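Undergrad: Quick one: structure below, then a few questions.
No lab work stands behind these numbers, since they all come straight from the coordinates. Please read these numbers as outputs of a predicted model, since none were measured by experiment. Virtual Cβ from ideal backbone geometry, glycine too; neighbours counted across all protein chains shown.
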Amino acid sequence: MSRAASTGFQPTHVVPRRGMPAWESPDPARPTVPLDPLLPVELVERRGDWGYIRCANGWAAWVDGRRLVAVPEDPPAAGGPAGTADPRPLLTRAEQALADYRSAVEELAAGTLDGEDFEDRTRGLRLGIVVDGESMWLYDPEEGRWVYGDGRRLSTYATDREVTGGDAGGDAAGHAPTRLVAPEGER
């Protein structure tokens, strides 16, 4: 992955729930670190099926742009009918998931938990939260979705539920392998 400026990060997509491979350049021979599931990313450029993304921390890479899950451009309107859930119960569950993970990390660091037990203890834990001033994006693992919160209510922002279907001859994710297509004028 390359390091890019992180100013003005606005997530446009999230990584699919199984994560995804990434490349240093739009070339399958140059793989880099795979991306974590449900990671919010900003799609900066497209070249055919390739997408150049950057993450909130400034890391950037090329991915199969077809696999990214698009999110709405703007958070849901605060007064909209879909934004009715109280954020406190979901925040409590997120706090508990983080506390459980931190406890396992502390025990692993202290040597009272080995790697296999750490893996068993943390299996199934899922947590995702971004707070930016009054705005919050929080992952709800029970519903398999990201929600947006304004402090008063939550609204669905993006879901990680799988779309069924796919074309024959594609990979396990239900699509053909990534291929590089030269932009117009470079063919």
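Undergrad: What does the charge count around D114 come to, taking other residues whose C-beta lies under 11 Å from its C-beta (Lys +1, Arg +1, Asp -1, Glu -1)? Mind showing how you got there, number by number?
TA: Values: positive: R121; negative: E107, E116, D117, E119, D120.
Around D114, the charge tally is -4.
Undergrad: What nm value, rounded to one decimal, do you get for the distance between L127 and E107 when each label is placed 7 Å out toward the C-beta?
TA: 1.5 nm
Undergrad: Same structure again: Taking the Cα-to-Cβ direction at L98 and at N57 and moving 7 Å from each Cα, how far apart do the two end points lie in nm?
TA: 1.6 nm
Undergrad: Quickly rank 34-46, 110-122, 86-98 as a protection proxy: mean count of other C-beta atoms within 10 Å, highest first.
TA: On the way: 34-46: 17.2, 110-122: 11.8, 86-98: 14.3.
By packing density, highest mean first, the sequence is 34-46, 86-98, 110-122.
Undergrad: Give me the extension gain from D86 to S25: residue separation times 0.36 nm, minus the current Cα-Cα distance, reported in nm with one decimal.
TA: Details: separation 61, 0.36 × 61 = 21.96 nm, distance 4.29 nm.
Result: 17.7 nm gained on full extension.
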